[in-house]
Amino acid sequence: MPHRSALDYRLTVAGLVDQPQSLSIADLATMPQTALTSDFQCVTGWRVRQVKWGGVRLADVIERASPHAAATAVHFTSFDGRYTESLTLEQARRADVIVATSMFGKPVSHDHGGPVRMYVAPMYGYKSLKWLAGIQLTESVQVGYWETRGYDVDGFVGHSNGRDDVPTG
């Protein structure tokens, strides 16, 4: 995966919006910040308990771009464009869905998907796209990288992918 430093990082927000955005780490830092502590759960069964995330609510990033009424979904792309993911706009506006810039009080490392990644607390880890480069508002949910390999589009912990995990957070 290509590396991006905090200095050269840009997050584009485009698609069905009135005000496309190109946000730096500094731009994200000027927005209202939020923190979440929640388990990070993989669909394969492993779990990291009580991960501390910080960043900006995805809802705030979306609103800054002024979405069109026709937008009902959000599509994410990684630095290489190969890894993609989507949420409904309703899911994206949840308070526990963030554009994460820190993990355990430090900037998100490249190995953990940084400098910026998604964190979708109520869903399995594959929905929390690493190496976030772009957010596109769309008319419908677009199947992502892992969904083309058989994972559920709605990846809620304990309610999808044939698992009966108990969500915690």
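The values are calculated or read from the model by the stated rules, or taken from the named source; none is laboratory data. Please read these numbers as outputs of a predicted model, since none were measured by experiment. Neighbour counts are summed over all protein chains in view; Cβ atoms, including those assigned to glycine, are modelled from backbone coordinates with ideal geometry. Quick note on the areas: whole protein, heavy atoms, side chains included, nothing else; ligands and nucleic acids left out. Shrake-Rupley method; radii C 1.70, N 1.55, O 1.52, S 1.80 Å.
Among the residues of segment 22-39, how many are open to solvent by less than 30 Å² (accessible area, probe 1.4 Å) and not charged (D, E, K, R)?
The initial filter retains those residues of segment 22-39 that are open to solvent by less than 30 Å² (accessible area, probe 1.4 Å), namely 23-24, 28, 31, 38-39.
Subset that is not charged (D, E, K, R): 23-24, 28, 31, 38.
Total meeting the criteria: 5.
Please work out which residue is farthest from Val43 (Cα to Cα), limiting yourself to segment 121-137 and to residues that are out of contact with any helix residue (DSSP H, G or I) (no Cβ under 9 Å at 6 or more places or on another chain) and among the hydroxyl-bearing types (Ser, Thr, Tyr).
The residue in question is Ser128.
Inside segment 63-94, can you point out the residues that are small (Gly, Ala, Ser), surrounded by fewer than 18 Cβ atoms within 10 Å (Cβ to Cβ) and either modelled with pLDDT under 95 or under 12 Å from the mean Cα position of the chain (by Cα) (or both)? First the steps, then the outcome.
Quick first cut of segment 63-94, residues small (Gly, Ala, Ser) only: 65-66, 69-71, 73, 78, 81, 86, 92.
In the following step, the residues that additionally are surrounded by fewer than 18 Cβ atoms within 10 Å (Cβ to Cβ) were identified as 66, 69-70, 81.
Matches in segment 63-94: Gly81 only.
Of all residues in segment 11-50, count the ones that are outside any strand (DSSP E or B) and either of a type in the set (Gly, Ala, Ser) or touching a residue at least 60 places away in the same chain (Cβ under 8 Å) (or both).
Within segment 11-50, the first condition is being outside any strand (DSSP E or B), and the residues that meet it are 16, 18-20, 24-33, 42-46.
In the following step, the residues that additionally are either of a type in the set (Gly, Ala, Ser) or touching a residue at least 60 places away in the same chain (Cβ under 8 Å) (or both) were identified as 16, 24-26, 28-29, 42-43, 45.
Result for segment 11-50: 9.
So if I check each of Val108, Val153, which one is farther than 20 Å from Ala14 by Cβ and modelled with pLDDT under 95?
Details: Val108 fails: modelled with pLDDT under 95.
Unique residue meeting the criteria: Val153.
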